[in-house]
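Here the structure comes first, spelled out in structure tokens, and everything after it is commentary.
Derivation of every value follows stated rules applied to the coordinates shown; laboratory data play no part. In this text the structure is predicted, and so the values were computed from the model without any measurement. No Cβ is skipped: glycine too gets one built from the backbone with ideal geometry, and neighbour counts run over all protein chains shown.
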């Protein structure tokens, strides 16, 4: 079980996430969001970080997405908008990075539609809760049948669970959904865009405490 600390805006938070045991550090490089960071600044704040860098992108033209991802040295592109096959395919062809498609799931049908549309083009799906007008990072817990999600997602794709996770809730949610990666942003902050080191450490410990599935 791997941990991604997302919405990082400060170098010290990125370094601490790595020291605490996170496998991924995510930076929102699309403009206009509460935790947005310019790609040049993202490269600076990640300069001393050795774990995988995730570029969080929302409906960017492929050329702009590629430029931002290369600038920050991203190993994974996390697409959080309404990107369709053409955009995902262009990004797939533009680099050796992994691609995760975010799904804001109001129902299980939202997950199955995303798999049907781009399942052959991506390496993983990030699944989180839904609310009208919310794009991501809104702390929306996933209220979809866990068994249905596991059946809908291809077994050879990474399942990233996000939305409403905290050090207090992640153990239970991981036990229900059994993802390969858990993603947290606001759940480990002391204020918007500023991570709380103690909560980051507690989150990683809680994930490690989850018992492996039987069999």
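So the values come out like this:
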| quantity | calculated |
| --- | --- |
| Between the range 141-198 and the range 1-39, the Cα center-to-center distance that results, in Å | 15 Å |
| Efficiency of FRET from Cβ geometry, residue 116 and residue 47, R₀ 35 Å, rounded to 0.05 | 0.30 |
| Ranking of 161, 45 by count of other Cβ atoms within 10 Å, fewest first | 45, 161 |
| Cα gyration tensor shape for the range 2-208, rounded if a/c is under 1.5, else prolate or oblate | oblate |
| For the range 63-118, fraction of C-alpha pairs farther apart than 14 Å, in % | 55 percent |
